Each structure stands twice: as C-alpha cells, then as structure tokens.
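Q: Take this structure first; my questions come after.
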Amino acid sequence: MTTDTYAQVPAAALTGSMRDFRVPGGADLLGRTEGFYRWQDLRRQNGLWPFSRATEDGPKTICAAQDDSGNRMQGVNFASQDYLSLASHPEIKATAIETIERCGVHSAGSPALVGNTSHSVSLERKIAEFLNMEHVVLYPTGWGAGFGVVKGLVRSADHVVMDMLSHSCLQEGANAATNNIHLFRHLDNDYCRDILAKIRAKDKDNGILVITEGLFSMDSDTPKLLELQELCREYRATLVVDVAHDLGCLGKEGRGHIGMQDMLGKIDVVMGSFSKTFASNGGFVASRSRAVKEYLRFYSAPATFSNALSPAQAATILKAFDIVDSLEGRMLRLELLANVLSLRRELTEAGLEFYGDPSAIVCVKMGSEGLARLVSRRLPGLGLVANLVEFPAVPKGAARIRMQVMADHSEQNISDAVRILKTAKTEAEQELESLGNEAQPARRTAA
C-alpha cells in the first residue's frame with residue numbers, strides 16, 4: 001500500500017495506551033468499559049489493532065491466521081511461542097492421542113483432591129530431577145504458577161523485592177499478597193542490596209521474597225543469579241527465579257541460565273511455564289523442601305482451587321522434557337540458536353536494531369507507539385505474522401516488534417521476515433511524517 005492509502009488515520013488511533021483505561025471512573029461498572037472499547041475500536045477500524053488473533057492450523061513456521069474482525073492473513077510466523085518446534089512434533093502428538101484414548105481429556109479435579117494422574121506425578125519427578133531440586137508443584141497455567149508462588153508464600157507483613165521488569169503474574173501476586181512491595185532497577189543487584197539493607201534495618205522479623213527472571217522476555221537479558229542468591233542469604237530473604245523463557249531452549253543441556261550460570265539446585269525456588277518450550281499450557285514451582293510443596297499445594301489458590309493439568313497435557317509435557325533432555329533436544333537447541341544468530345545478523349545488515357542477548361526472543365526497536373502501530377498494520381499484508389509490543393508492557397516510546405524464533409524456521413523464513421519488516425518500517429516512517437505532528441506526541445525514543 002502507498003502512504004496515501006493511510007492519509008486519513010486519526011491521530012487518536014496512533015496515540016494513547018491501555019494504561020489510560022486501567023482505572024476507569026464512574027459508578028456504572030459495566031458502562032465505564034465503553035471508553036476503552038471506543039479507543040480500541042477506533043484502532044480496529046483503522047487496521048491498528050493487532051491483538052487477539054487466531055491461527056487456523058496451529059503455530060507452524062508458515063501459518064494462516066485471522067484478526068478479531070475475521071480478516072484473514074497468511075505468512076511466515078514469528079509470533080508464536082514454540083521455541084523448539086515441539087507443538088507439532090510427531091512424538092508429542094502421538095503421546096497426546098494415546099493418552100486421550102486411555103485417560104480421556106479431563107483431570108476432573110484439583111491437585112489437592114483427585115486431579116493428579118500417573119502422568120502428572122511422573123512429571124513432578126522429572127522436573128525435580130531436571131532442575132536438581134527435590135520437590136515440584138504443578139499448576140494449570142504458567143501465570144497461575146507465578147501468581148501462586150508469591151501469594152502462597154507471602155503474607156501482609158512480609159516484603160516483596162522484585163526486578164521492576166518482572167512478569168505481570170509475579171507483580172499481580174505481589175500486589176495481592178502485601179503492600180510492602182519494593183522494585184529495584186532492572187538487573188541492578190546493588191540497588192537490590194540497598195533495598196534489602198533498608199528493610200532489615202527496620203524489620204528483622206518478617207519475610208522477604210526477592211523475585212527475578214532467568215531471561216527477561218522483552219529485553220532478552222539475564223541477572224547475575226549467584227549474586228542475588230548470596231544477597232538473599234545475607235539478608236535472610238528467599239529468592240524466586242522465573243525460568244519461563246529460557247528453560248529447555250537455552251544452554252547445552254537445556255537448563256537455561258540457571259544451568260549456564262552453574263546454579264542448578266542452588267536457587268531457593270524456581271518457577272516456570274511449559275507454554276514456551278514444552279508444547280503445552282501449565283506451570284510449576286520447584287523447591288528443595290517437601291514442606292514448601294505441601295504448603296503451596298493447599299495454600300496457593302491457583303493450585304488448590306483450579307483443576308489440574310489434563311492427562312494429555314501432563315503426558316505431552318513429560319514427553320517434551322524427554323526430548324529436551326536427549327541428543328535430539330540438544331540438536332534442536334543448536335538449530336534454534338543458529339536461527340537466532342541468523343535473524344540478528346540479517347536485522348543488523350538491514351539497519352534494524354534489536355534488544356538484548358541471543359535468545360528465542362528478538363525484539364526489534366521501533367520507538368514511538370504511532371510508528372510501531374503503522375509498521376504492525378503493514379505486516380500481515382506483506383506476509384509476516386509478528387507481535388506488536390507497546391506501552392505499558394514496555395516503556396513509553398520504546399515500542400517494538402517482538403520476533404519469536406523457532407528451531408524449524410528456515411533461512412528463507414528469516415530472510416523474508418527481515419525484508420518485510422524493513423519495508424514496513426520504511427513505509428510507516430514515510431506515512432507518519434505525512435500525518436504531521438498531531439500523530440507524534442512528545443515521547444522518549446528507544447535507547
């Protein structure tokens with residue numbers, strides 16, 4: 001499309017954010033949702049709402065999808081989270097089919113009652129062995145595991161000290177558990193130490209939970225885990241590390257940054273999700289204590305009051321761990337890393353910048369929300385399925401296109417994606433310039 005095609009885009013569709021509607025006012029709880037919908041629908045009507053899309057045949061490297069208005073698109077897929085391409089692996093599919101034939105499709109109970117199956121019990125043991133931790137609690141979603149471990153362990157007089165970029169599930173868990181929440185600058189362990197020292201100077205009796213991630217998904221970077229664990233020892237705090245995005249897909253043995261930093265079995269609590277690498281919904285919390293496991297099973301609401309993983313989910317995750325922990329898994333990680341490095345190299349050659357260190361997440365810098373939305377609008381028509389990420393998920397003025405790499409992506413897939421992204425950005429920059437200053441509010445440019 002030419003720039004002229006988009007000449008009438010309203011400025012309001014290029015500005016504002018979901019943060020603006022997070023705390024609506026008024027007595028009418030239902031009616032006050034209208035403000036968000038009007039803003040959302042303005043973006044939708046102008047082709048600037050790229051969320052809530054649905055794939056037609058699963059997360060393959062080339063896929064057909066449709067947006068929430070039913071508009072169909074097809075192209076190379078860098079939007080799905082299937083890092084080792086296990087979602088369509090023949091052994092995974094065969095395991096799911098066989099388990100459904102034998103056990104049905106539903107767990108029909110919470111893990112606290114009779115929702116466990118032989119598959120979930122075996123999965124708990126496998127994860128414990130994989131992480132060199134003794135005990136594991138399973139959750140029906142990764143989000144539930146993150147929320148549940150914080151809310152399950154922390155009480156109102158306790159403190160949560162967390163990296164400011166920690167995932168929503170961890171932040172929501174903290175907000176639900178206590179008002180004593182302290183955020184430290186991203187990856188700044190010295191800042192964390194200062195906070196811990198100040199807390200312990202005033203409160204020697206209550207608990208402190210320190211939270212970070214093995215790999216931060218928006219910036220693709222990682223903390224120094226040994227330093228954080230030693231800080232926790234020094235100040236009688238407990239460390240939780242979320243390994244959702246690196247476990248299974250990074251490191252020679254697939255143990256993610258915990259393994260790469262020689263911290264296997266040395267972190268207090270490890271929490272993770274199966275939905276990025278292990279071909280299923282679900283999550284887990286691992287510790288070295290049977291007491292912690294039993295306490296979370298009965299005092300962590302997402303585990304206690306949610307139905308357990310279905311037999312097919314538990315069985316397929318278990319099979320995915322077997323693959324990850326095999327020679328085939330090592331080869332898949334090498335293929336994934338080769339694709340990641342290839343994508344980063346081609347982006348650089350195309351003059352496109354990205355965030356962080358090599359991982360399955362390659363976030364390409366856009367800058368302003370308006371520019372990023374205009375880029376995102378062009379991608380489906382050009383044949384690329386990728387995700388727009390904007391404020392408040394990332395800082396204002398640091399919008400990005402998030403590329404999620406799979407082991408099965410081909411060199412052609414990567415070259416096509418970079419070419420499309422470069423074309424879309426060039427055209428969007430021209431369009432934004434033609435729209436003038438009203439579509440370009442004051443903003444901070446991405447660093």
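Q: Relative contact order for the chain: what is it in percent, counting Cα pairs under 8 Å that are at least 6 residues apart?
A: 22
Q: Can you list which of the chymotrypsin sites (Phe, Trp or Tyr not before Pro) found in region 282-320 are DSSP loop residues with at most 15 other C-beta atoms within 10 Å? Each step should come with its number before you reach the end.
A: On the way: sites: PHE284, TYR295, PHE298, TYR299, PHE305; in loops: PHE305.
In loop regions of region 282-320 (DSSP not H, G, I, E or B), the sparsely surrounded chymotrypsin sites (Phe, Trp or Tyr not before Pro) are PHE305.
Q: Would you mind checking LYS252/LYS319; LYS276/LYS396; LYS204/LYS266; LYS151/LYS224 for any pair whose Cα atoms are more than 22 angstrom apart? Can you show the working numbers first?
A: Details: LYS252/LYS319 19 Å; LYS276/LYS396 26 Å; LYS204/LYS266 24 Å; LYS151/LYS224 25 Å.
Among LYS252/LYS319; LYS276/LYS396; LYS204/LYS266; LYS151/LYS224, the Cα-Cα distance tops 22 Å for LYS276/LYS396; LYS204/LYS266; LYS151/LYS224.
Q: Order 13-23, 249-259 from most to least packed using the mean count of other Cβ atoms within 10 Å.
A: Numbers: 13-23: 15.5, 249-259: 22.3.
The densest-packed peptide leads the list: 249-259, 13-23.
Q: I'd like the FRET efficiency for ASP194 and GLU34, computed as 1/(1 + (r/R0)^6) with the beta carbon distance as r and R0 of 51 Å, rounded to 0.05.
A: On the way: r = 44 Å, r/R0 = 0.87.
Efficiency at R0 = 51 Å is approximately 0.70.
Q: List the residues, sorted by chain then number, that are 5 or more residues from LEU250 or on another chain and whose placed amide H is less than 5 Å from its amide H.
A: GLY256
Q: Could you sort 328-339, 396-407 so that the peptide with the highest average Cβ count within 10 Å comes first and the rest follow in order? All intermediate terms of the calculation are to be shown ahead of the outcome.
A: Values: 328-339: 18.2, 396-407: 23.8.
Final packing ranking: 396-407, 328-339.
Q: Under a 10 Å cutoff between Cα atoms, tell me which one of ARG344, ARG32, ARG288 has the largest fluctuation in the Gaussian network model of the chain.
A: ARG32
Q: While we're here: Once you have all Cα-Cα distances for region 90-324, histogram them in 10 Å bins from zero and send the whole-percent values.
A: Cα pair-distance distribution for region 90-324, in percent: 8, 34, 36, 17, 5, 1.
Q: Stokes-Einstein at 10 °C, 1.306 mPa s, Kirkwood radius from Cα pairs: D for the chain in µm² s⁻¹?
A: On the way: Rh = 23.1 Å.
For the chosen part, D equals 69 µm²/s.
Q: Within straight cross-link reach of LYS293, meaning Cα distance under 16 Å, which aspartates and glutamates are found once same-chain residues fewer than 8 apart are removed?
A: GLU124, GLU129, GLU134, ASP268
Rule-based calculations on the coordinates, nothing more; no lab input. On a predicted model such as this, the values are computed, not experimentally measured, just so you know. We place every Cβ from the backbone using ideal geometry, glycine too, and count neighbours over all the protein chains shown.
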